[in-house]
1. Residues being of a type in the set (Ser, Thr, Tyr) and either within 11 Å of chain B (Cβ to nearest Cβ) or within 18 Å of B:Val4 (Cβ to Cβ) (or both): count how many of those fall in region A:12-56.
2. Restricting to region A:23-36, name every residue that is of a type outside the set (Val, Ile, Thr) and crowded, with 18+ Cβ neighbours inside 10 Å.
3. Hey, can you tell me all the residues within region B:60-111 that are in a strand (DSSP E or B), more than 12 Å from B:Tyr36 (Cα to Cα) and modelled with pLDDT under 90?
4. Evaluate region A:53-64: report whether one residue or more is surrounded by 13 or more Cβ atoms within 10 Å (Cβ to Cβ), of a type outside the set (Ser, Thr, Tyr), in a loop (DSSP other than H, G, I, E, B) and over 13 Å from the mean Cα position of the chain (by Cα).
5. Could you figure out which of (1) within 14 Å of chain A (Cβ to nearest Cβ); (2) under 29 Å from A:Tyr89 (Cα atoms); (3) of a type outside the set (A, V, I, L, M) isn't true of B:Glu54?
6. Please verify whether region B:89-100 includes one or more residues that are more than 26 Å from A:Gly58 (Cβ to Cβ) and more than 8 Å from chain A (Cβ to nearest Cβ).
7. So, in region A:102-111, of the ones that are assigned to a loop (DSSP other than H, G, I, E, B) and facing another protein chain (nearest Cβ under 10 Å), which residue ends up farthest from B:Ser52 (Cα to Cα)?
8. Please find, within region B:28-47, the residue that is farthest from A:Cys91 (Cα to Cα) out of those that are without any contact (Cβ under 8 Å) to a residue 24 or more places away in the chain and within 12 Å of another protein chain (Cβ to nearest Cβ).
Amino acid sequence: ETGVTQSPTHLIKTRGQQVTLRCSSQSGHNTVSWYQQALGQGPQFIFQYYREEENGRGNFPPRFSGLQFPNYSSELNVNALELDDSALYLCASKGAGNTIYFGEGSWLTVV
Amino acid sequence: AQRVTQPEKLLSVFKGAPVELKCNYSYSGSPELFWYVQYSRQRLQLLLRHISRESIKGFTADLNKGETSFHLKKPFAQEEDSAMYYCALLNNNTNAGKSTFGDGTTLTVKP
């Protein structure tokens, strides 16, 4: 058990809608990152937050945004959903020695 | 740009046979490399990292900077090793915390 929990586990949205995915990190882990994993691919880095500020970003458009809160929880928000946004979204918190602990992910389907 | 390549999508071996999962990377700095594993119906988890020079569940991986490789090896595969394996590279420099993953190799160990 890694202590990283995500919600919801599955959801379906319509193209153009907005979605918020949530993550609760392990206590004491100040760094949280989000990944998108499409079927048949490895996780793709979206962004990272450290102490409530974004400090790293991958090749994702601005409609992907996030928040991190002092209680080790965080959110991933995606606006103007597109069909290609359908994927598994993984939250990960960073522990000692740069080890990343993953949640089980949120499956998003955009129709 | 950093990139991780796992040339084999699928790898199948018999129990007791040696196994090697290939990983090649491109990165301009000094890399920090990891292997992650995902067993059936479980979350992605760290298997080992190169800086630890450790052996986990009989697996080892050596960083070869000349060949830019970080292959995962085990001399005698077991059925419980069947899983999805991802090689990942951590960027600690310009894009803090960005981990780049390969697309994974599905290992099947047959009895």
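1. First pass over region A:12-56, keeping only residues of a type in the set (Ser, Thr, Tyr): A:14, A:20, A:24-25, A:27, A:31, A:33, A:35, A:49-50.
If we keep only those that are either within 11 Å of chain B (Cβ to nearest Cβ) or within 18 Å of B:Val4 (Cβ to Cβ) (or both) as well, we get A:31, A:33, A:35, A:49-50.
Here the count works out to 5.
2. Kept after step one, since they are of a type outside the set (Val, Ile, Thr), are these residues of region A:23-36: A:23-30, A:33-36.
Result: A:Cys23, A:Ser24, A:Ser25, A:His29, A:Ser33, A:Trp34, A:Tyr35, A:Gln36.
3. B:Leu90, B:Asn91, B:Lys98
4. Here is the first cut: in region A:53-64, the residues surrounded by 13 or more Cβ atoms within 10 Å (Cβ to Cβ) are A:54-58, A:60, A:63-64.
Subset that is of a type outside the set (Ser, Thr, Tyr): A:54-58, A:60, A:63-64.
Next, from what is left, pick out any that are in a loop (DSSP other than H, G, I, E, B): A:58, A:60, A:63.
Applying the additional criterion that residues be over 13 Å from the mean Cα position of the chain (by Cα) yields A:63.
So far as region A:53-64 goes, yes, one or more of its residues are surrounded by 13 or more Cβ atoms within 10 Å (Cβ to Cβ), of a type outside the set (Ser, Thr, Tyr), in a loop (DSSP other than H, G, I, E, B) and over 13 Å from the mean Cα position of the chain (by Cα).
5. (2)
6. So the first thing to find is which residues in region B:89-100 are more than 26 Å from A:Gly58 (Cβ to Cβ), and the list is none.
Within region B:89-100 (the criterion being more than 26 Å from A:Gly58 (Cβ to Cβ) and more than 8 Å from chain A (Cβ to nearest Cβ)), the answer is no, since none of the residues qualifies.
7. Going through region A:102-111, the residues assigned to a loop (DSSP other than H, G, I, E, B) turn out to be A:103-105, A:111.
Filter once more, so that each one left must be facing another protein chain (nearest Cβ under 10 Å): A:103-105.
Details: A:Gly103: 23, A:Glu104: 26, A:Gly105: 27 Å.
The qualifying residue farthest from B:Ser52 (Cα to Cα) is A:Gly105.
8. Among those residues, the one meeting the criterion is B:Arg41.
The values are calculated or read from the model by the stated rules, or taken from the named source; none is laboratory data. All of these numbers come straight from a predicted model, not from anything done at the bench. Reconstructed Cβ throughout: ideal geometry from the backbone, glycine too, with neighbour counts over all protein chains shown.
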